[in-house]
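Note sheet for the following structure.
The values are calculated or read from the model by the stated rules, or taken from the named source; none is laboratory data. Keep in mind that this is a model prediction, so the values were computed, not measured. Cβ placement follows ideal geometry from the backbone for every residue including glycine, while neighbour counts extend to all protein chains displayed.
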Amino acid sequence: MSELLQFLVSGLTVGAIYAAIALGFTLIYNASGVVNFAQGEFVVIGGMTAAALIGAGVPVWIAAPLAVVAGMLVGVALYRAAIRPAREAPLVSLIIITIGASIFLRGAMQAVFDKQIHRYDGFSGDAPLRVGGATILPQSLWIIGGSIAVFAFLAWFLNRTRAGRGIKATASNRMAAALVGINTGRAMNLSFALSAAIGALAGVLATPVTFTSYDVGVLMALKGFSATMLGGVGSPLGALAGGLLIGLIEAMTAGYISSDYKDASAFVVILLVLFLRPQGLFGARITERV
Amino acid sequence: MAGQGTTTDAAPADTGRHAYLKNGEARRPRIGPGLRTFLIFAVLVGLGALIFPSSYFYRVGTLVWINTLAVTGIVVLLGYVGLVSLGHAGFFAIGAYATAILPSYGIPSPLAMLAGVGMAGGLALIVGRPILKLSGYYLAIATLGLGMLIWMVLSKEAWLTGGPDGMVVSGMNARNLFKLVGLKLKSAEAWYWVAGFAAATGAAIAVNLARSPSGRALRAIHDSDVAARSLGVDVARAKSRAFVISAIYAAVAGALLALANGYITPETGGFMHSVEMVTMAVLGGATSVFGALVGALILTALPQVLTVFADYEHMVLGGIMVVTMIAMRRGLVPFIADLWNRRKS
């Protein structure tokens with residue numbers, strides 16, 4: 001029983017990370033219709049930047065926000081340098097562009113930082129707490145809390161603020177949004193900045209538990225994808241639920257089946273969702289406009 | 001021979017995409033486009049053999065032709081239909097590992113190759129069908145996952161595959177093929193000719209495919225799913241066929257690499273290898289087999305010439321993908337062909 005509880009705890013921890021990545025995806029997808037294959041790189045940028053700063057003696061409470069800002073800047077740069085110039089390009093070109101950007105960022109990280117695996121101490125120390133027979137790291141609470149905060153923030157921002165509603169309007173119909181005076185260019189910039197910031201924040205929070213290195217971005221992106229698809233593409237609630245579920249499935253696979261294949265569970269979920277229920281758990285049926 | 005296509009150059013409906021193929025050759029109606037492609041490739045293979053000074057060059061040359069073959073599969077999928085696969089290295093590796101593993105169970109190399117190719121094609125068929133009914137993004141994501149799954153199995157199941165260290169491939173040597181007809185070649189040279197022949201044949205088949213009715217259906221889908229459907233094309237089925245064909249190309253290339261190198265590692269099935277294949281196609285021009293050749297040539301030869309390439313491999317590959325897509329979306333070969341045509345007219 002305590003074993004199961006332990007798996008639940010670790011599943012929810014990594015699941016919260018995947019949920020944050022999935023929320024970032026959803027934000028960009030909803031605003032621009034682009035599936036951003038470089039989303040996982042933001043997580044790495046956050047983690048690597050924070051690790052480098054903390055390693056250089058910068059206190060965590062300064063390093064963490066700086067790492068998030070670094071991710072945000074890269075997100076905006078990605079939009080301006082690679083996505084915006086190709087806005088009228090067909091879908092396949094956009095896919096190739098974001099994949100290219102992801103590989104490029106991976107290489108840039110290897111050049112700027114190094115090829116080592118990094119971690120730093122948890123924000124509230126690394127002494128595990130005991131909860132009913134299972135142990136939980138204080139950092140896990142940071143991660144889970146962070147993801148819930150991101151979800152709440154997005155819900156508030158997109159529905160209650162002017163800028164957020166601008167993003168929603170741009171997503172629903174760019175032309176119509178521009179006609180009623182919404183600055184759609186700014187809305188796009190903002191959605192890339194926010195999405196990258198969310199990814200970087202996930203990286204900053206997760207690194208003490210999961211570690212990071214220059215090449216984990218693709219894996220992170222893929223986990224985020226499977227979370228998004230399981231939850232239903234385009235639905236923020238789906239992203240949250242899908243992320244937590246993927247985390248749990250992964251932890252159970254590692255615990256009861258084989259830790260060698262814990263990463264495989266996310267891919268199997270993708271394939272199963274595509275076979276059985278392409279719209280995901282919370283998504284509307286997929287219909288494409290012609 | 002592969003080149004006996006039914007279309008000839010007299011066919012007037014040859015627009016844009018393939019126009020550069022027939023530069024100045026419109027007055028030679030006897031040779032079909034497939035056969036002509038085969039002959040051009042054969043001449044290039046021969047040219048390579050004429051100028052190569054050492055076995056090292058033959059080995060790099062072999063790699064170029066094998067990559068060309070694999071990328072020709074990407075051309076069919078990406079160039080003809082407009083679908084991205086991020087897991088083609090998985091199919092490549094299935095071909096390679098089947099060729100490596102099965103001979104130790106008493107199956108001769110040629111049959112092992114065939115089995116590997118069959119497995120890759122079968123897997124593509126099973127996985128492709130349901131996914132290809134959905135929008136283009138889903139194939140990229142699903143193949144990304146599938147490729148990683150295959151890579152994972154290859155690196156974890158050490159009892160079968162030797163694990164991350166890879167495995168030695170024993171079996172057929174191309175030298176023996178040439179011995180049959182009384183030619184004595186070094187094995188690097190022998191594999192070069194075999195790989196060149198395979199690439200030429202593959203290119204000819206792909207060119208003929210583009211001009212066949214089902215190839216036209218594919219290109220119609222590339223322009224618009226809906227328009228193609230309204231013309232009576234079974235879109236999901238045509239896409240699935242292209243996906244299977246391209247998986248077969250990758251698997252054949254993988255099998256050849258396994259035999260020619262005599263050694264394989266799970267990295268042949270890794271994500272970066274998939275990205276490399278797509279980059280080659282995108283750089284050279286995914287709409288033509290000559291694009292596949294040019295892309296494969298540049299990205300295979302470059303790392304041999306530039307040693308710094310290894311340190312910045314990711315940045316170079318990623319940069320090429322982004323810049324090509326923004327600045328010359330159709331790739332080098334069509335881009336240069338356009339410049340050439342414009343200058344002439």
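With A:12, A:94, A:78, A:27 as the choices, which residue is in contact (Cβ under 8 Å) with a residue 24 or more places away in the chain, under 18 Å from residue A:201 (Cβ atoms) and at the interface with chain B (Cβ under 10 Å from one of its Cβ atoms)?
When all the criteria are applied, what remains is A:78.
Determine, yes or no, whether residue A:86 is within 14 Å of chain B (Cβ to nearest Cβ) and more than 18 Å from the chain's Cα centre (by Cα). It would help to see each step written out before you state the result.
Details: within 14 Å of chain B (Cβ to nearest Cβ): yes; more than 18 Å from the chain's Cα centre (by Cα): yes.
Yes; evaluated as a whole, the condition is true for this residue.
Residue A:229 - would you say it is aliphatic (A, V, I, L, M), under 25 Å from residue A:191 (Cα atoms) and assigned to a helix (DSSP H, G or I)?
Working: aliphatic (A, V, I, L, M): yes; under 25 Å from residue A:191 (Cα atoms): yes; assigned to a helix (DSSP H, G or I): yes.
So residue A:229 fits the description; yes.
Quick check on this structure: which one of A:242, A:238, A:234 is outside any helix (DSSP H, G or I) and either touching a Ser or Thr at 6+ places or on another chain (Cβ under 8 Å) or free of Cβ contacts under 8 Å to residues at least 60 places away in the same chain (or both)?
Being outside any helix (DSSP H, G or I) and either touching a Ser or Thr at 6+ places or on another chain (Cβ under 8 Å) or free of Cβ contacts under 8 Å to residues at least 60 places away in the same chain (or both) holds for just one of A:242, A:238, A:234, which is A:234.
Report every pair of residues separated by at least 6 positions or lying on different chains whose Cβ atoms are under 8 Å apart, first residue within segment B:313-324 and part of a helix (DSSP H, G or I), second among the hydroxyl-bearing types (Ser, Thr, Tyr).
B:317/B:279; B:318/A:102; B:320/B:279; B:321/B:279
Just to check your reading of the model, which residue among A:258, A:235 is of a type in the set (S, T, N, Q), more than 12 Å from every other protein chain (Cβ to nearest Cβ) and farther than 29 Å from residue A:110 by Cβ?
Going through A:258, A:235 in turn, just one is of a type in the set (S, T, N, Q), more than 12 Å from every other protein chain (Cβ to nearest Cβ) and farther than 29 Å from residue A:110 by Cβ: A:235.
What number goes with the only condition from (1) under 13 Å from residue A:103 (Cβ atoms); (2) part of a loop (DSSP other than H, G, I, E, B) that residue B:286 does not pass?
Looking at each condition in turn, residue B:286 falls short on (1).
Any residue in segment B:329-337 that is within 14 Å of chain A (Cβ to nearest Cβ), more than 20 Å from residue B:124 (Cα to Cα), touching a helix residue (DSSP H, G or I) at 6+ places or on another chain (Cβ under 9 Å) and surrounded by fewer than 23 Cβ atoms within 10 Å (Cβ to Cβ)?
Within segment B:329-337, one or more residues are within 14 Å of chain A (Cβ to nearest Cβ), more than 20 Å from residue B:124 (Cα to Cα), touching a helix residue (DSSP H, G or I) at 6+ places or on another chain (Cβ under 9 Å) and surrounded by fewer than 23 Cβ atoms within 10 Å (Cβ to Cβ).
If you take the residues in segment B:59-96 that are outside any helix (DSSP H, G or I) and among the small types (Gly, Ala, Ser), which one is surrounded by the fewest Cβ atoms within 10 Å (Cβ to Cβ)?
B:82
Go through the residues of segment B:176-187 one by one and say whether even a single one is assigned to a helix (DSSP H, G or I) and either touching a His at 6+ places or on another chain (Cβ under 6 Å) or facing chain A (nearest Cβ under 10 Å) (or both).
no
Just the residues that are assigned to a helix (DSSP H, G or I), within 14 Å of chain A (Cβ to nearest Cβ) and farther than 27 Å from residue B:220 by Cα, please, taken from segment B:230-275.
B:266, B:267, B:269, B:271, B:272, B:273 - these are the residues of segment B:230-275 that are assigned to a helix (DSSP H, G or I), within 14 Å of chain A (Cβ to nearest Cβ) and farther than 27 Å from residue B:220 by Cα.
Would you be able to say whether some residue in segment B:195-215 is assigned to a helix (DSSP H, G or I) and without any contact (Cβ under 8 Å) to a residue 12 or more places away in the chain?
Scanning segment B:195-215, I find at least one residue that is assigned to a helix (DSSP H, G or I) and without any contact (Cβ under 8 Å) to a residue 12 or more places away in the chain, so the answer is yes.
Take the residues in segment B:286-305 that are without any contact (Cβ under 8 Å) to a residue 40 or more places away in the chain and either farther than 22 Å from residue A:215 by Cβ or within 10 Å of another protein chain (Cβ to nearest Cβ) (or both), then tell me which one is surrounded by the most Cβ atoms within 10 Å (Cβ to Cβ).
Top of the filtered list is B:294.
Let's see how each residue does on (1) within 30 Å of residue B:45 (Cβ to Cβ); (2) touching a strand residue (DSSP E or B) at 6+ places or on another chain (Cβ under 8 Å):
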position: B:146; (1), (2): no, no
position: B:155; (1), (2): no, no
position: B:160; (1), (2): no, no
position: B:166; (1), (2): yes, yes
position: B:169; (1), (2): yes, yes
position: B:185; (1), (2): yes, no
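Are any residues in segment B:108-146 part of a helix (DSSP H, G or I) and either within 9 Å of chain A (Cβ to nearest Cβ) or farther than 25 Å from residue B:255 by Cα (or both), and if so, which ones?
Within segment B:108-146, B:127, B:130, B:131, B:136, B:137, B:138, B:140, B:141, B:142, B:144, B:145, B:146 meet the criteria.
Out of B:159, B:193, I need the residue that is under 22 Å from the mean Cα position of the chain (by Cα) and either at pLDDT 90 or above or under 17 Å from residue B:70 (Cα atoms) (or both). Which one?
None of the other options fit; the residue is B:193.
Being surrounded by fewer than 19 Cβ atoms within 10 Å (Cβ to Cβ) and under 20 Å from the mean Cα position of the chain (by Cα) is the filter here, so list the residues in segment B:116-155 that pass it.
Selection gives B:118, B:119, B:122, B:123, B:125.
Residue under question is residue A:51, and the condition is that it be in contact with a strand residue (DSSP E or B) (Cβ under 8 Å, 6 or more places away or on another chain) and under 30 Å from residue A:120 (Cβ atoms); does it hold? Lay out the reasoning, then the answer.
Values: in contact with a strand residue (DSSP E or B) (Cβ under 8 Å, 6 or more places away or on another chain): yes; under 30 Å from residue A:120 (Cβ atoms): yes.
Taking the combined requirement at face value, the residue satisfies it.
Scan segment A:177-226 residue by residue and report those that are over 23 Å from residue A:164 (Cα atoms), away from chain B (no Cβ under 14 Å) and surrounded by fewer than 24 Cβ atoms within 10 Å (Cβ to Cβ).
A:209, A:210, A:211
Yes or no, residue by residue, for (1) surrounded by fewer than 17 Cβ atoms within 10 Å (Cβ to Cβ); (2) modelled with pLDDT of 90 or more; (3) among the polar types (S, T, N, Q):
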| site | (1), (2), (3) |
| --- | --- |
| A:40 | no, yes, no |
| A:50 | no, yes, no |
| A:64 | no, yes, no |
| A:92 | no, no, no |
| A:129 | yes, no, no |
| A:133 | yes, no, no |
